[in-house]
Amino acid sequence: ELYADDGTSYDYLDGAYVHRRFTFKDGVLTSQVATGYREISVFESPDINHEHHQKVLAQKLRIERIIVLGAPESGWHTATIEETDHGSTGTDPARKAQVGITCEKVPLQLGDAGAQSSTRCVVRDPATLIANDWTLEFSQ
């Protein structure tokens, strides 16, 4: 999971934060809104526009890179991001694009059941905002 706010103010009490949940299954990394964790602050007022606060913050935060440890030994050769715009009404993705990916063998520092190395794949600048729903599909 990922939580982000401006890091300086108490605006998170008014809903100015982003909370994302990531899942990885069968070579697909998915980012969605983390639900069920929003606590109601005693400082909140019913007239505060939480969606506005979240939208303003979300427009400033973008993903710089995604690092996947434990990729298949041969690595992945391609990665495709499919992004959903919160404002779209259809079932078509707002954007679907190939993104750059590099994979390499790296030594393990934490000891993974006796393994000596692992494969690390890095997706650089997938050109998406943290607050957007997206899937990233890796293939060989």
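The numbers here are math on the coordinates, done by the rules we state, and not lab data. Here the structure is a predicted model, which means the values were calculated and not measured. Every residue, glycine among them, receives a Cβ derived from its backbone with ideal geometry; neighbour counts consider all protein chains shown.
Given a Förster radius of 25 Å and the C-beta distance between H77 and T30 as r, what FRET efficiency does 1/(1 + (r/R0)^6) yield to the nearest 0.05? So the FRET efficiency works out to roughly 0.75. Shown here for region 1-34: chymotrypsin sites (Phe, Trp or Tyr not before Pro) in loop regions (DSSP other than H, G, I, E, B) with at most 12 other Cβ atoms within 10 Å, namely Y10.
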